[in-house]
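Coordinate-derived values only; no laboratory data. Since the structure is predicted, the reported quantities are computational estimates derived from the model, not experimental observations. Don't worry about glycine lacking a Cβ; one is built from the backbone with ideal geometry, like all the others, and counts go over all protein chains shown.
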Amino acid sequence: MVKKKSKKSTSNASESTSAVNAHVDPEYVPLSIPDEAEDYVTLDLRLLNWSYLNFKWKVKTSTRLFALKNELEKRHGQVTNLKICKDHFAEANELTDDMMTLREYGIDGAPSFEKEIVCLIYYDFKPKQHDNPLLLATEQY
């Protein structure tokens with residue numbers, strides 16, 4: 001097979017790079033947009049009536065409420081009437097929309113290299129009642 005001759009287009013390449021670098025304003029400085037840093041918050045989750053089940057969970061502020069509910073169900077098993085409140089357990093502080101993020105609920109965080117920010121979250125639930133003992137079994141960790 002015969003090899004093809006390669007074309008040298010150094011003039012076209014130099015013209016295209018000079019066109020990109022040439023600006024009308026000689027004082028032009030390109031805008032540098034920093035990457036959006038992820039903010040983290042430590043949720044101090046406290047069960048309303050029993051302090052033995054309290055725990056801390058470090059998450060991004062972009063975490064949605066349904067992820068928090070899934071974590072609570074994973075720790076406590078199947079639950080009903082799960083209520084989650086920020087700062088104080090009151091109806092005005094209840095977090096209800098599962099698709100909203102923690103940041104949208106007003107929970108601010110900080111980058112991971114800065115001081116830890118802790119937010120109190122109170123929760124209450126009723127365990128699901130079953131007659132079948134196999135349904136009460138949970139995963140072994």
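The residues of segment 63-101 that are part of a helix (DSSP H, G or I) and within 21 Å of I117 (Cβ to Cβ), listed by number, are L65, A67, L68, E71, L72, N93. Within segment 107-120, residues that are touching a residue at least 40 places away in the same chain (Cβ under 8 Å) and part of a loop (DSSP other than H, G, I, E, B) have Cβ atoms under 8 Å from residues that are of a type in the set (D, E) and surrounded by 14 or more Cβ atoms within 10 Å (Cβ to Cβ) in these pairs: D108/D39; G109/D39; P111/D39, counting only partners at least 6 apart in sequence or on another chain. Taking every residue in segment 55-76 that is closer than 17 Å to Y105 by Cα and pairing it with any residue that is surrounded by fewer than 16 Cβ atoms within 10 Å (Cβ to Cβ) and basic (K, R), at least 6 positions away or on another chain, the pairs with Cβ-Cβ distances below 6 Å are T61/R103. In segment 68-109, the residue that is nearest to the chain's Cα centre (by Cα) out of those that are farther than 16 Å from F125 by Cα and of a type in the set (A, V, I, L, M, F, W, C) is L102. Within segment 36-62, the set of residues being under 12 Å from E116 (Cβ atoms) and part of a loop (DSSP other than H, G, I, E, B) comprises D39 only.
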